Amino acid sequence: MSDASVLVVDDEELYARAIGRELERRGVRCDLAFTCREALRRAERGRYQAILLDHRLPDDDGIRIIPILRARQPGAAVVMMTAYQTIPNAVEAIRRGAEDYVVKETSLQPIVDRVLEIRRRDELRGEARGEQSREGLLGRSGAMVRVLEEVRQLAASPETTVLITGETGTGKEVAARHLHALSRPAGSPFVAIDCLALPGTLAESLLFGHEKGAFTDAGETRAGAFEDARDGTVFLDEIGDMSDLQGKLLRVLEGRSFHRLGSSREQPLRARVVAATNQDLPELVRQGRFRRDLYERISVFPLQIPPLRERGDDVLLLANHFARFFADKLGRQLEPLGGPVIERLLGYDYPGNVRELRNIIERAVIVAEEGRIELRHLPQRLLSARSASGPREAMPADFVPGVDTLGSLEEKMIRQALQRAHNVRAEAARLLGISRYQLLRRLEKYNIQQDG
């Protein structure tokens, strides 16, 4: 398997080799391919951070193979290279899964800079290996890159208490496990406690442990979560539902020590404490249902996990990740996700977030025949989501590609889409055939200010 981090696909061999030489001069290992067939073969065998893909290739259209490349290299950013200044081609490339596109110029610097930017971003991800990787703390969207960078920063502060917030199914425990893997010694325990399920009188025992005879039915001495975790992590899920133990938990966090029920011997708290909730804790504080001092203590470093609907093309990255995981688990050979399936996956809002996507893909892999996931293997709610929004409308008749520069055409197209969508970003993105995240990037790029 190649250890190169960039695949350059271009039938102009001199141009491809020039890019390769410049990247390798900057410390970036490269593979070269001069046809679509060769690119697909290398994508099957290698592992890449980025794929630079020419539009016009001798044996096929580069745009057409983007979904296949993305399926074989879900962790790679596909960047189209084009000498043809037409926005429809660029938009079609992005719709099929390209992250961006660059215009082929005499200077190689814009292309080299784009690759180096992708590499710097991927370094921030610092993906931990282990259980959390199977669950899917993956992402290339700006929102997830920020989360992964914050986790990396937290890893250097092993005693800092962390509060992870986010909607149900976004992956709060996954983020906690990712942090645990990065910041705790290998083999350290990760002890998860569901505060919603803590049974009244036994809650304190579950957290702190008890001595024999400490209360009725305490027939033997037992350690609690803080003791079991040792130098690992205690994960307190749904902490917003904790009631009776808020004061005692605060004292443990403040003093970094605890004792079993029925014992006066203090034990040091060596574990990191990570709390999580999908509730609005500041609102619970205002209502008097959650202690302000405890909230301030657990939220030393808040970590907000974005909902999947705000993560753009991370949907495709995660879908391919889960498809490979479940196919391997079932011992099946699975073909890459096809265009119609990708369209449906990208056209759904996922109220259940990453958990819902995971369940959708698990079911699809189970029922798929002949190793191929088809539309009929997806749940009805996905099949109706896209059709409910109707077909994409054509762009205005006065839009003529190829007159101005690529950038000015793109800016004009975005402004026209916003005008037609009455400044509703989600609708403008739909008209353009791109994700909301990609639209936001281009609003920033062209400094387009708009309401809504």
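The values are calculated or read from the model by the stated rules, or taken from the named source; none is laboratory data. All of these numbers come straight from a predicted model, not from anything done at the bench. Reconstructed Cβ throughout: ideal geometry from the backbone, glycine too, with neighbour counts over all protein chains shown. Calculation scope for accessible area: heavy atoms of the full protein, side chains included, ligands and nucleic acids excluded. Shrake-Rupley method; radii C 1.70, N 1.55, O 1.52, S 1.80 Å.
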- line: Among 312, 338, 327, the residue whose Cα sits farthest towards the positive end of the charge dipole of the stretch 290-356 (+1 at Cβ of Lys and Arg, -1 at Cβ of Asp and Glu, taken about the Cα centre) is 327
statement: Pseudo-spin-label distance residue 372 to residue 217, built 7 Å along Cα→Cβ, given in nm, is 5.7 nm
- request: Enter the Cα centre distance for the pair the stretch 319-364 and the stretch 166-195, rounded to the nearest angstrom.
  value: 23 Å
message: For a test of the definition: using alpha carbon positions, the gyration tensor, and the 1.5 limit on a/c, classify the stretch 213-333 as rounded, prolate or oblate.
response: oblate
message: On a straight-distance basis, which lysines could pair with residue 445 in a cross-link, Cα separation under 16 angstrom, same-chain partners fewer than 8 positions away excluded?
response: 412
- prompt: What is the spin-label model distance, in nm, from residue 192 to residue 159 if the labels are put 7 Å beyond Cα along the C-beta direction?
  reply: 2.8 nm
query: Over the heavy atoms of residue 413, what accessible area does a 1.4 Å probe trace out, to the nearest 10 Å²?
result: 10 Å²
query: In straight Cα distance, which lysines are under 30 Å from residue 172, not counting same-chain residues fewer than 8 positions off?
result: 248, 329
message: Spelling out what I want: for every residue of the stretch 60-66, take phi, set θ = phi - 60°, compute 6.51 cos²θ - 1.76 cosθ + 1.60 (Karplus), and round to whole Hz; glycine and proline get x.
response: 5, 8, x, 4, 5, 8, 4
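What percentage of the solvent-accessible surface of the stretch 239-337, computed with a 1.4 Å probe over protein heavy atoms, is contributed by carbon and sulfur atoms? Intermediate results must be reported in sequence, preceding the final value.
Details: 2140 of 4780 Å².
On the stretch 239-337, the fraction of accessible area on carbon and sulfur atoms equals 45 percent.
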- request: Provide 377, 321 ordered by accessible surface of protein heavy atoms (probe 1.4 Å), highest first.
  value: 321, 377
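Using the crude model of +1 on Lys and Arg Cβ and -1 on Asp and Glu Cβ, and no other charge, please compute the dipole size for the stretch 137-284 relative to its Cα centre, in debye to 20.
620 debye
Rank these by accessible area, largest first, 1.4 Å probe: 241, 54. Kindly include the intermediate steps, with their values, before the conclusion.
Working: 241 65, 54 10 Å².
Ranking 241, 54 by accessible area, largest first, yields 241, 54.
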